[in-house]
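A short write-up of the structure that comes next.
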Amino acid sequence: MASRVFTIPFNLRSTAEAANLAFPPADTGIREFLLQDVGKMSSANRQCRYLELFIAVFTEVEEAVKTLPKQMSIADLASAWRDYMEANWDTLYSSVVPQISMVI
């Protein structure tokens, strides 16, 4: 599916589940960020935190897509993005959380 539809996958499973060789691997940095101090926050603050995450992810994705060769169709772009994500999954998401932490 990801070769035909542009997707931004997240895997929020716990690291305990990841120990069972689950695939794809957990995005622990994002999961930890989302769960950090969640019990101490108001609903509005949690929503702001989620929005900050999405802003940072979409900004990183936009920059990454700009580095891809021009594609003839949306399906071609989706396929090129999937290939990019296979090689850069960890790098993309690990750069997002520090950006958010500085903003909040």
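Worth pointing out:
- Every residue from region 59-76 that is of a type in the set (A, V, I, L, M, F, W, C), in contact (Cβ under 8 Å) with a residue 24 or more places away in the chain and open to solvent by less than 50 Å² (accessible area, probe 1.4 Å): Val61, Ala64, Ala75
- Counting only residues that are surrounded by 13 or more Cβ atoms within 10 Å (Cβ to Cβ) and either small (Gly, Ala, Ser) or at pLDDT below 75 (or both), region 26-49 holds 2 of them.
The values are calculated or read from the model by the stated rules, or taken from the named source; none is laboratory data. Just so it is clear, the model here is predicted, and its values are computed rather than measured. Heads up, the Cβs are rebuilt from the backbone with ideal geometry, glycines too, and the neighbour counts pull from every protein chain shown. The accessibility values were calculated without ligands, DNA or RNA, using every heavy atom of the protein model including side chains. Shrake-Rupley method; radii C 1.70, N 1.55, O 1.52, S 1.80 Å.
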